[in-house]
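Visitor: So that we are looking at the same thing, I have put the structure below in structure tokens.
The values are calculated or read from the model by the stated rules, or taken from the named source; none is laboratory data. Fair warning: this is a prediction, and the values are worked out from it, not measured in the lab. We place every Cβ from the backbone using ideal geometry, glycine too, and count neighbours over all the protein chains shown.
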Amino acid sequence: MRIADVFSLAFRTVRSNKLRTGITVSIIAFGIMALVGISTAIEAMKQKFTESFASMGATGFTIHYKDYQFFGRNDRVTEEKKGAKKEKKSNTKKIITKDEAEMFKRNYHFPSKVSLSLRGGNSNIASLGDRKTNPTVQVAGGDEYYAELNGYNLSGGRSLNELDVQSGRNVCLLGSDLVKKFFGGNPDRALEKIIKINGIPYRIIGTLDSKGASIGRSWDNIAITSYNNVRRFFLASTANQYNPAPSFNIQVKVADVNQMDMAIGEAEGVFRPVRRIATTDASNFVIDKSDRFVEELLKNLGLITLSALIIGFITLTGAAVGLMNIMLVSVTERTKEIGLIKAIGGRQRSIRLQFLYESIIISLMGAVFGIFLGILVGNTFSLVLNTGFVFPWMWLIWGVLICSVVGLLAGLYPSLKASRLNPIQALRYE
């Protein structure tokens, strides 16, 4: 019997047992859906993180006084040189003050843009007339370059200028979420209006384009004012037991990515004397490249990928056992048929191939449905994140290969058992 005939016979047998085939295909499909769906969602998250955190581009870096934490981790990206002496305990928690940040900006002469910033907290309330927001508004204090270096574009009005920063007057740039809430999404209506933040009136001098959201937080639910204004009104709200006093962040953006190492080296050389660090002591501040945040988050997403693999492996193991059981039942039910095939000259190889093909066909049908459902589920998540359509080509290939192996292994023993049946005993089987 030709291989094409054996395959055709196997396909007809699979099609004739719709209920049994459907149940097995569903089990396999759910396993592949877990793999492809979670992997597609992770790709969407990676895409969103890259868009959200790499807004400074590949030519930016940030100076701050201690490392940021991601999911409980506290790893330093700026690797300390081997053999460097430990920081003095008195210096490890020394914040970056306004004077130090401004002195750095004056003394740093490398061709670049430098922005100083100070956080005003994430639990502020904005109000206009009798309407107000939940206590989730972020207030950021920056300078004339803050919006640009943090990936914000103006939709109307102007940005902060040096006079706004030096005087610390009550002016602000309003994020698109707040513009939608109070002005129906019309940037022109918002300009020169007075909005209150924690009861303090601010004149809106500019509005921002939407930047999107990530990690469950909107980057558009924000009001940007000068860092001197934040120092005046918002320091108490940002202080806590871990950060008794707020620290300035310094952002630097150079024109060419090839100048990054030189710019970072000069920044450290300028800032160490400002911080009064002895030549024998390690730096008590951290310099991070702008893509560091993405790298850290993507490392932690590897744990989610591992979880998806474990879930998929468990499901596919159960599917393989179920598929093998169904194939063994099929061998028992078709014992007389097998005996008849052997009696008219059918070879063991043809019978073995028929059962193997049946097992692989069922498994691949599960792969097709699982991949389709996985892409659908994963891209539903990408719609929530407002990212583009994600098609996981690599996982599509892996899904087909895994299901082929599952079908082969699950059908191997039943096919061997069927091919070795004694034709006389098989014909007498009732």
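Visitor: Which of the residues spanning the range 125-140 are within 27 Å of the chain's Cα centre (by Cα) and either surrounded by 17 or more Cβ atoms within 10 Å (Cβ to Cβ) or part of a strand (DSSP E or B) (or both)?
Guide: Scanning the range 125-140 gives VAL137, GLN138, VAL139, ALA140.
Visitor: Test LEU364 against the criterion of being touching a Cys at 6+ places or on another chain (Cβ under 6 Å), closer than 24 Å to GLY31 by Cβ and either crowded, with 19+ Cβ neighbours inside 10 Å or touching a residue at least 24 places away in the same chain (Cβ under 8 Å) (or both), and give yes or no.
Guide: Taking the combined requirement at face value, the residue satisfies it.
Visitor: Six or more apart or on different chains, Cβ atoms under 7 Å: show the pairs whose first residue is in the range 215-239 and in the same structural domain as PHE183 (by TED's automatic domain parsing) and whose second is among the hydroxyl-bearing types (Ser, Thr, Tyr) and at pLDDT below 85.
Guide: TRP219/SER52
Visitor: With LEU416, LEU401, LEU340 as the choices, which residue is within 29 Å of ILE314 (Cβ to Cβ), surrounded by fewer than 16 Cβ atoms within 10 Å (Cβ to Cβ) and touching a residue at least 60 places away in the same chain (Cβ under 8 Å)?
Guide: After ruling out the rest, the residue left standing is LEU416.
Visitor: Out of all the residues in the range 382-389, is one or more under 49 Å from the mean Cα position of the chain (by Cα), modelled with pLDDT of 80 or more and assigned to a helix (DSSP H, G or I)?
Guide: For the range 382-389, residues under 49 Å from the mean Cα position of the chain (by Cα), modelled with pLDDT of 80 or more and assigned to a helix (DSSP H, G or I): absent.
Visitor: So, one more: Of the numbered conditions (1) in a helix (DSSP H, G or I); (2) without any contact (Cβ under 8 Å) to a residue 12 or more places away in the chain, ARG349 fails exactly one; give the number of that condition.
Guide: (2)
Visitor: A follow-up question, please. Tell me yes or no: at least one residue of the range 354-368 is farther than 15 Å from THR13 by Cα, modelled with pLDDT under 80 and either not aromatic (Phe, Trp, Tyr) or not assigned by TED's automatic domain parsing to the domain that holds THR305 (or both).
Guide: no
Visitor: Next question. One residue is enough: does the range 174-196 have a residue meeting the conditions within 18 Å of LEU116 (Cα to Cα) and of a type in the set (A, V, I, L, M)?
Guide: no
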